[in-house]
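Novice: I have a structure here, written as structure tokens, and I will follow up with some questions on it.
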Amino acid sequence: MLIEKFPWWQRGIIYQIYPRSFQDSNGDGIGDLPGITARLDYLVSLGIDAIWISPIYPSPMRDFGYDVSDYCAIHPLFGTLADFDRLLHAAHARGLRVLLDLVPNHTSDEHPWFIESRSSRDNPKRDWYIWRDPAPDGGPPNNWLSHFGGSAWEFDAHTGQYYLHTFVKEQPDLNYRHPEVLPAILDVMRFWLARGVDGFRVDVITHLLKDAQLRDEPLDPNWDGIEPYYRLRHIYSRNVDGIHAIVRQMRATLDEYPDRVMVGETYLPNEELAKYYGEHLDECHLPFNFQLIRLPWDAQIVRRAVDAYAAALPPGAWGNWVLGNHDRHRVATRIGQAQARVANMLLLTLRGTPTTYQGEEIGMEDVPIPPEFVQDPPALNQPEIAPIVGRDPERTPMQWDASPNAGFTRAGVTPWLPIAPDYATRNVARQAQDPTSMLSLYRALTRLRRAEPALCIGDYRSVDVGAADIFAYERTAEGAARFLIALNFGARAHTLDLSRVARTARIEMATDMQRRGHVDLQHLEVAPNEGLVMRVD
């Protein structure tokens with residue numbers, strides 16, 4: 001089976017860059033586009049195929065770039081359009097694809113569209129956003145909540161109405177029921193596609209359409225009492241009827257350009273997530289699958305989830321897996337350093353496109369942020385649950401080396417978020433010299449995945465092993481070597497009988513980067529916190 005017959009986004013690996021924290025080139029303490037360009041050779045060395053760059057558009061930074069004031073330009077903090085073109089050219093010259101973050105659900109309140117909309121009730125762009133009169137008591141039009149705390153409605157004294165904002169009040173939601181809004185966003189897509197970008201990760205794609213009647217949302221009886229947003233079941237403010245027609249038009253625009261990809265941010269159960277592929281696979285190429293972020297780290301829970309996800313995919317659809325991102329606590333913090341190695345092995349050997357968040361290839365952890373340095377809106381707006389909802393800890397600067405500021409910015413400069421206290425020992429330069437490091441494991445796994453059709457695009461089948469801590473599965477492809485993966489999610493050793501798969505196998509890779517050689521599958525010993533990738537004889 002030839003791997004090259006599959007599109008790049010099926011056989012490749014996506015690497016998310018949070019640009020503020022990747023590499024600062026000009027000494028202002030904030031990462032930028034020239035910084036990313038300077039690190040492209042490192043990205044190539046990881047064996048990844050595409051970079052997804054979080055928002056770099058002009059923005060007041062009320063939500064760190066997700067409040068866009070101009071969709072077709074670059075924020076001066078990050079550089080210029082010329083800097084972006086240089087990055088794109090340099091990435092393509094190295095065989096790397098570049099995805100941008102598209103933020104179509106909302107704009108900044110400083111976007112010219114909203115400035116017009118807010119100017120008067122009869123402005124032609126008034127209904128580009130969602131405006132409503134106050135409730136009879138003068139309060140918000142309904143009970144909808146903001147992700148970042150409080151009501152999802154903000155009163156505008158100038159026009160005497162409320163506007164909807166699913167996130168911070170400076171992020172008014174666009175109204176996709178107005179016939180001019182979607183064409184304007186499609187033109188934004190064309191601007192970047194014509195420039196040469198290879199696709200988009202589409203932010204909160206499930207929120208694009210709202211209930212036409214703006215009905216109150218019901219209470220969620222399963223609410224855990226922690227994050228107020230989840231007190232309600234959001235059945236009228238996300239994933240509502242009609243949304244798929246919008247996503248199909250976005251995909252059709254993308255398909256005007258060859259060999260591009262659309263990834264959707266979809267925090268949904270399998271049956272709803274599967275709909276975002278489209279009835280004819282004409283919506284998202286990859287609706288993000290976040291189960292490895294959200295599930296308890298338990299071998300049998302994860303196994304059942306992987307099996308269920310594989311079964312739920314529509315015919316012809318391609319899956320994907322994510323361990324971490326800029327919105328979720330880092331995997332090494334969630335499950336520990338030893339299991340983070342196991343998690344990377346899982347990510348890079350499952351069937352489906354993997355996405356790695358910057359720093360997870362070296363085991364970066366969340367960084368405690370002193371209250372005076374907290375910058376993230378949900379944490380600032382909800383200080384009583386800041387450690388739960390705050391996203392600053394997973395957004396701290398990349399740890400490149402043991403020099404001051406971890407090589408992220410110049411010595412003597414204060415970075416926009418604190419550097420991790422372990423940067424002198426946990427960094428790219430040090431791990432690059434250690435053949436047993438997390439970085440060495442990650443690079444070895446990507447090389448093996450790229451070289452072996454079974455691991456890259458082959459079939460998946462889980463294997464019963466009789467040990468609760470072990471998740472084992474096969475990867476097979478016609479005419480190619482067969483692989484057996486055994487992952488120990490626990491802290492005790494196990495001896496497994498896997499003779500139903502084969503009599504013997506050869507260990508191609510272990511999480512300790514040392515164990516090798518042939519093994520008897522009837523008496524396979526798996527050490528605590530160990531993962532094994534085995535070529536079946």
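Novice: Hey, any hits in the stretch 62-78 for a residue that's in contact with an Asp or Glu (Cβ under 8 Å, 6 or more places away or on another chain), of a type in the set (S, T, Y), farther than 30 Å from L164 by Cα and at pLDDT 95 or above?
Specialist: No, that holds for no residue.
Novice: Would you say R238 is basic (K, R) and in contact with a Gly (Cβ under 7 Å, 6 or more places away or on another chain)?
Specialist: No; evaluated as a whole, the condition is false for this residue.
Novice: Output the residues belonging to the stretch 75-109 that are assigned to a loop (DSSP other than H, G, I, E, B) and either outside the structural domain of G31 (by TED's automatic domain parsing) or crowded, with 19+ Cβ neighbours inside 10 Å (or both).
Specialist: H75, L77, F78, G79, L96, V103, P104, N105, T107, S108, D109
Novice: Now a separate question. Would you point out which residue out of D392, D401, D434 is of a type outside the set (G, A, S) and in contact with a Gly (Cβ under 6 Å, 6 or more places away or on another chain)?
Specialist: Of the residues listed, the single one that is of a type outside the set (G, A, S) and in contact with a Gly (Cβ under 6 Å, 6 or more places away or on another chain) is D401.
Novice: Could you check how many residues of the stretch 285-308 are farther than 23 Å from A338 by Cβ, touching a residue at least 40 places away in the same chain (Cβ under 8 Å) and among the aliphatic types (A, V, I, L, M)?
Specialist: 1
Novice: Follow-up. In the set L417, L439, L524, which member is in contact with a Ser or Thr (Cβ under 8 Å, 6 or more places away or on another chain), buried (at least 20 other Cβ atoms within 10 Å of the Cβ), under 30 Å from L77 (Cβ atoms) and touching a residue at least 12 places away in the same chain (Cβ under 8 Å)?
Specialist: L417
Novice: Determine, yes or no, whether I74 is closer than 24 Å to F114 by Cβ and touching a Leu at 6+ places or on another chain (Cβ under 6 Å).
Specialist: yes
Novice: Shifting gears a bit: For the stretch 79-111, name all the residues that are of a type in the set (D, E, K, R) and within 30 Å of K125 (Cα to Cα).
Specialist: Matches in the stretch 79-111: D101, D109, E110.
Novice: Related question: Considering only residues that are over 15 Å from V202 (Cβ atoms) and surrounded by fewer than 17 Cβ atoms within 10 Å (Cβ to Cβ), which ones fall in the stretch 246-281?
Specialist: E256, Y257, P258, D259, P269, N270, E271, E272, E279, H280, L281
Novice: While we're looking at this one, here's another question. Looking at N143, N222, which is the one that is of a type outside the set (G, A, S) and either without any contact (Cβ under 8 Å) to a residue 12 or more places away in the chain or in contact with a Gly (Cβ under 9 Å, 6 or more places away or on another chain) (or both)?
Specialist: N222
Novice: Turning to a different aspect of this structure: Kindly indicate which of N222, N143 is more than 30 Å from W8 (Cα to Cα) and not assigned by TED's automatic domain parsing to the domain that holds P377.
Specialist: Every option except N143 fails the conditions.
Novice: Picking from D173, D156, D187, D137, which residue would you name as being at pLDDT 95 or above, closer than 28 Å to N325 by Cβ and either out of contact with any Leu (no Cβ under 9 Å at 6 or more places or on another chain) or among the polar types (S, T, N, Q) (or both)?
Specialist: Residue meeting the stated conditions: D187.
Novice: Still on this structure, please answer the following. Is there a residue in the stretch 446-463 that is under 30 Å from A402 (Cα atoms) and surrounded by 14 or more Cβ atoms within 10 Å (Cβ to Cβ)?
Specialist: Yes: the stretch 446-463 contains one or more residues that are under 30 Å from A402 (Cα atoms) and surrounded by 14 or more Cβ atoms within 10 Å (Cβ to Cβ).
Novice: Has the stretch 116-126 got at least one residue that is closer than 30 Å to P383 by Cα, crowded, with 18+ Cβ neighbours inside 10 Å and either out of contact with any helix residue (DSSP H, G or I) (no Cβ under 6 Å at 6 or more places or on another chain) or modelled with pLDDT under 95 (or both)?
Specialist: The answer is no, given that none of the residues of the stretch 116-126 is closer than 30 Å to P383 by Cα, crowded, with 18+ Cβ neighbours inside 10 Å and either out of contact with any helix residue (DSSP H, G or I) (no Cβ under 6 Å at 6 or more places or on another chain) or modelled with pLDDT under 95 (or both).
Novice: For the structure I just gave you, tell me whether R20 is within 22 Å of V168 (Cα to Cα), touching a residue at least 24 places away in the same chain (Cβ under 8 Å) and not in a loop (DSSP other than H, G, I, E, B).
Specialist: yes
Novice: While we're on this one: Considering only residues that are among the aliphatic types (A, V, I, L, M) and touching a residue at least 40 places away in the same chain (Cβ under 8 Å), look in the stretch 390-414 and name the one that is surrounded by the most Cβ atoms within 10 Å (Cβ to Cβ).
Specialist: Step by step, filter the stretch 390-414, then rank; the result is M398.
Novice: State whether one or more residues within the stretch 339-350 are out of contact with any helix residue (DSSP H, G or I) (no Cβ under 9 Å at 6 or more places or on another chain) and either at pLDDT 95 or above or not charged (D, E, K, R) (or both).
Specialist: No, that holds for no residue.
Novice: I've got another one for you. Looking at D67, D41, D32 in this structure, which one is out of contact with any Phe, Trp or Tyr (no Cβ under 6 Å at 6 or more places or on another chain), in contact (Cβ under 8 Å) with a residue 24 or more places away in the chain, among the acidic types (D, E) and surrounded by 22 or more Cβ atoms within 10 Å (Cβ to Cβ)?
Specialist: Within the list D67, D41, D32, the selection yields D67.
Novice: Answer yes if at least one residue in the stretch 430-440 is farther than 21 Å from M513 by Cα and not hydroxyl-bearing (S, T, Y), and no otherwise.
Specialist: Scanning the stretch 430-440, I find no residue that is farther than 21 Å from M513 by Cα and not hydroxyl-bearing (S, T, Y), so the answer is no.
Novice: Conditions first: (1) touching a residue at least 12 places away in the same chain (Cβ under 8 Å); (2) surrounded by 14 or more Cβ atoms within 10 Å (Cβ to Cβ); (3) closer than 19 Å to N142 by Cα. D216 passes all but one, so which condition is the exception?
Specialist: Going through (1) touching a residue at least 12 places away in the same chain (Cβ under 8 Å); (2) surrounded by 14 or more Cβ atoms within 10 Å (Cβ to Cβ); (3) closer than 19 Å to N142 by Cα one by one, D216 breaks only (2).
Novice: Please enumerate the residues belonging to the stretch 453-506 that are among the acidic types (D, E) and touching a Gly at 6+ places or on another chain (Cβ under 8 Å).
Specialist: D469, D497
The values are calculated or read from the model by the stated rules, or taken from the named source; none is laboratory data. As the structure is a computational prediction, the values presented were derived from the model and not from experiment. Methodologically, a virtual Cβ is constructed for each residue, glycine included, from the backbone with ideal geometry; neighbour enumeration extends over all protein chains shown.
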